[in-house]
Every structure is written in C-alpha cells, then in structure tokens.
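Encoded as structure tokens, the structure appears first; notes follow it.
The values are calculated or read from the model by the stated rules, or taken from the named source; none is laboratory data. None of the values given here were measured: they were computed from a predicted structure. No Cβ is skipped: glycine too gets one built from the backbone with ideal geometry, and neighbour counts run over all protein chains shown.
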Amino acid sequence: MSVKLIAVDMDGTFLNDKKTYNRERFHQQYQQMKAQNIHFVVASGNQYYQLASFFPDIANEIAFVAENGGWVQDAGEDVYNCAMPRDHVDKITAFLLTRPEVEIIVCGKKSAYTLKSYDQSFHDIAVRYYHRLELVDNFDNLDDTILKFALNIPDEKVPQMQALLDEKLGHMLTAVTTGHGSIDLIIPGVHKANGLRLLQARWGVNDDEVVAFGDSGNDIEMVKQAGYGFAMANANDAVKAVAGYHAPHNNEEGVLEMIDKALKGEAPFS
C-alpha cells in the first residue's frame, strides 16, 4: 500500500533537542511529497501559532493537529476545534490551584493563559511553546474557547500527579504525559489520532496509508492507529510497546531518514 499521509510529533521527534531541524533537507523532501501527493501533518500538543512558526513558508499548505487534537487545521482552514465545557474548566482550575507544585497554562483558541504570580523563569519557558500567551491575575471569566490544560510539574512528581488527576478529574478529562515534566489535560477522545481521522476522512486516506512518528504518551493513539507507526529511538517504553516500527534518535534526523525511505519506496515501505 502506498503512503499518502506522513504525521510527525515535534518535540523529541521531528525536532532535535535544540528545537531545530534540517530545513534544507526537509524542504527537498516536502517538494517530493507534493509531487507524490503525500499529505504532511504536524501533530503536536503545542499551540498552533508556535507550530506554524517552524514552517513559515508552507504553513498555509500543510495540516496541523495542534493542542493534542484540540484544534485541527488544513491549509489554513479550520477542520475542527473542541470546546471544554465552562463548568469543567472552573472545576479543573479550582482543583489545580490547590496543588502548589503545579504551574498551569489554560490553552484557548485565541491565546494561552497563565498566572502573573508564577516565577519569571516559568514565563520564559512557557512563551517558547505558546507564542500567544497572556499573563492574567486569575483564570476567572476567560473570554475564549478552552481546548485543554497544560501543566508544568517537577519530573519526579509526574507519575503520582498523573495518578491523582485520573482519580480526581478522570470523569472530565484525560491526563497524558508530553515529556519533561509536562502533563496535558484533554477532553476524552480528543487526541492526535482523532485529529488524523478527521483529516483522513477529508482526504480519503486509510490507516494503512499513514506514517506517524512519536516519542511520548500523547503519541500512543496516533502511533498505534497508523499503518506505519514509528517510535523514536528516544521514545518512552509505552510508545515503543505499541509501535510497529522504530526510527533513529531525534538528534540523528530519525524522522527525515524514514521519510527518505518512504519517498523512495524502500523497506519497510516497499
């Protein structure tokens, strides 16, 4: 079966640890993808505005599954965005504010929001991932469609916090790890795989024609669903367990190596 869609996670997957990629090599590959009618999808937990900044010349041509599936866009056109019920937003916020070890980002369609009271060091990190970020006194009455929550937590506390979130808030949301002390709280069923399904239906692409790359807990559904689901060499064990295939390390241009093989029809794509 020929490849018709290539979907990539960004942090720890398409990007190296310096948050860059080989633009010249990818540009050449992208021209070949277009010639072969292969769709390219950026599938990330990050904000759309941040993701688009990595692809300034083609952002209006490619597709994005942003905010872990909360916002899906194709060639500049909205395909889908979720909306967390306002009462859920209020209840989730109230609980999280009781946890001093958690720094909160509320992710909306217009912007992301975090508290002015947090340390400047956190603000400096957050703005790298959220190019539209407002500092607010509180999370009351945000005039926006809320897509998800993003939490910053000390690495060693992530497992116990994820278990606590499942226990206390699991009836309203799903907690997924995104790597390096981060947990996203998403609407159940709204994940990267769901975003890809919407695009596949739009384009007439079957699962066995999809290549997907990931490294963290929020990639599991997408990697499992794809006919060619790749775990990066640096992926966590949960992703490796569901992946049918493995790609080299993100610092070794692992995704681009596999895209080359897909474009040439080499194993495992032959």
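Key figures
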{"quantity": "From the options His180, His191, residue that is surrounded by 24 or more Cβ atoms within 10 Å (Cβ to Cβ) and either free of Cβ contacts under 8 Å to residues at least 12 places away in the same chain or out of contact with any Phe, Trp or Tyr (no Cβ under 9 Å at 6 or more places or on another chain) (or both)", "calculated": "His191"}
{"quantity": "All helices (runs of 4 or more DSSP H) inside segment 175-270 with 1 or more residues being polar (S, T, N, Q)", "calculated": "192-203, 220-225"}
{"quantity": "Residue satisfying condition, being surrounded by fewer than 23 Cβ atoms within 10 Å (Cβ to Cβ) and among the aliphatic types (A, V, I, L, M), within set Ala150, Ala212, Ala235, Ala163", "calculated": "Ala163"}
{"quantity": "Some residue of segment 129-136 being part of a helix (DSSP H, G or I) and over 16 Å from Ile92 (Cβ atoms)", "calculated": "yes"}
{"quantity": "Sole exception among (1) modelled with pLDDT under 95; (2) under 21 Å from Thr178 (Cα atoms) for Asn141, by number", "calculated": "(2)"}
{"quantity": "Filter result for the condition that a residue is over 23 Å from Lys264 (Cβ atoms) and either of a type in the set (Phe, Trp, Tyr) or surrounded by fewer than 23 Cβ atoms within 10 Å (Cβ to Cβ) (or both), over Ala66, Ala52, Ala35", "calculated": "Ala52"}
{"quantity": "Hits in segment 238-270 (condition: surrounded by 19 or more Cβ atoms within 10 Å (Cβ to Cβ), of a type outside the set (A, V, I, L, M) and in contact with a Lys or Arg (Cβ under 9 Å, 6 or more places away or on another chain))", "calculated": "Glu253"}
